[in-house]
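Here is the structure we will look at, set down as structure tokens.
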Amino acid sequence: MKPKQQEGLFDHDPVMKCRDSKGRFATPERAYADKAIKENNYLRYEREKYMRAWHAAAEMASYWQRKYLALQEQIKAIQ
């Protein structure tokens, strides 16, 4: 059986239970805002990653579409 932990000075203070991303004590509003800012930055990073991948894929598709049309023109010219 574990011994009961001794209560700390700030155990019942709701303000002292919240922390920001740097581990500092924060008000609930500040902790929530800090989490929202961090999540927003992560989502912006993910958006940028997928946008770059989409642009690369679109550029490649455009390149191959032009090649395909050029080959079609060559085949029409031969026939």
First in region 30-43 and touching a residue at least 12 places away in the same chain (Cβ under 8 Å), second anywhere and of a type in the set (Ser, Thr, Tyr) and outside any helix (DSSP H, G or I), Cβ under 9 Å, 6 or more apart: Ala31/Ser21; Asp34/Ser21; Lys35/Ser21; Lys38/Ser21
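I'm trying to understand the selection: among the residues of region 13-46, which are of a type in the set (Gly, Ala, Ser) and surrounded by 12 or more Cβ atoms within 10 Å (Cβ to Cβ)?
Residues of region 13-46 of a type in the set (Gly, Ala, Ser): 21, 23, 26, 31, 33, 36.
Result: Ala26, Ala31, Ala33.
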For Met1, all conditions in the list (1) among the hydrophobic types (A, V, I, L, M, F, W, C); (2) at pLDDT 90 or above; (3) exposed (fewer than 10 other Cβ atoms within 10 Å of the Cβ) hold save one; what is the number of the exception? (2)
Could you say whether any residue in region 47-68 is open to solvent by 80 Å² or more (accessible area, probe 1.4 Å), farther than 30 Å from Lys17 by Cα and among the polar types (S, T, N, Q)? yes
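The values are calculated or read from the model by the stated rules, or taken from the named source; none is laboratory data. Note that the coordinates shown come from a computational prediction; the quantities given were computed from them, not determined experimentally. Every residue, glycine among them, receives a Cβ derived from its backbone with ideal geometry; neighbour counts consider all protein chains shown. Just so you know, the surface numbers come from the protein's heavy atoms only, side chains and all, with ligands and any DNA or RNA stripped out. Shrake-Rupley method; radii C 1.70, N 1.55, O 1.52, S 1.80 Å.
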